[in-house]
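Derivation of every value follows stated rules applied to the coordinates shown; laboratory data play no part. Being a predicted model, the structure only gives us computed values, none of them experimental. For neighbour counting, all protein chains shown are included, and Cβ atoms are generated from backbone atoms with ideal geometry for every residue, glycine included.
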Amino acid sequence: MSDFIKFINNISPISLEATDELSNKLKYKTYKKGDLINNQGQICRSLFFIDKGLVKHFYHNKNRIFILRFFSENNLFTVLDSYINQTPAEFITIALENTILTYLDYYDIEELCRNHHSFESFMRKYISFAAVNTYKRFKEMLEEDASERYAGFVNEYNHLLQRVSLGDIASYLGISQVSLSRIRGKK
């Protein structure tokens, strides 16, 4: 059984029939460091699972970059609003390392949902988790100071500290690299 299917079953177990149909629809793609997975203005038509590697979701506005999330091995991601509404994405997803993805296309997911209640339940739970995580991310940006955001980053992404650049960490926190250095110096 693939790690993607194990991930799904950990969120919401799916039937054997759904597992069989899902297995036949899975696709795989490799991205090199710096490759775009989904670009701003492009409709996100897939749900991705990271078998190996690291990606970031970010928004570029004028000369500022806002990083929403980092995703590493054994995580599922999509550009949520673009995927749900099938509209052009505001966020960009890029590989920060050589990355291997397992993915499902939008229409295959829709078919799995129509054919299998257990898979539809998984998708409902996944979309709910993703929406709540996005809400929590925006809330932390509005309510926490930079030191609190850094502590939260270290808590959530400790396993990525050596894999993510200081510039990306600063962008994630919404601060300059100089401010990040000061915060790190106090720790």
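Key figures
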| quantity | calculated |
| --- | --- |
| For the chain: Kirkwood Rh in Å [reciprocal of mean 1/r, alpha carbons] | 17.5 Å |
| Tail weight of P(r) past 24 Å, computed on alpha-carbon pairs of the range 62-150, percent | 31 percent |
| Computed lengthening from residue 106 to residue 165, 0.36 nm per intervening residue step minus Cα-Cα distance | 18.0 nm |
| DSSP-assigned coil residues among chymotrypsin sites (Phe, Trp or Tyr not before Pro) in the range 57-112, each with at most 10 further Cβ atoms within 10 Å | none |
| Separation of the residue 51 and residue 36 label points, Cα + 7 Å toward Cβ, nm | 2.5 nm |
| Selected from 173, 96, 26 as most flexible by GNM, with the chain as the system and alpha-carbon contacts under 10 Å | 26 |
| Relative contact order [Cα under 8 Å, 6+ residues apart], the range 3-143, whole percent | 34 percent |
| Distance between modelled label sites at residue 28 and residue 148, nm, 7 Å Cα→Cβ extension | 4.5 nm |
| Candidates 45, 64, 163: whichever shows maximal mean-square fluctuation once the chain is modelled as a Gaussian network with Cα springs under 10 Å | 64 |
| Helix-only [θ]222 nm of the chain, DSSP H runs n ≥ 4, -39500 (n - 2.57) each, per residue, nearest 500 | -15000 deg cm²/dmol |
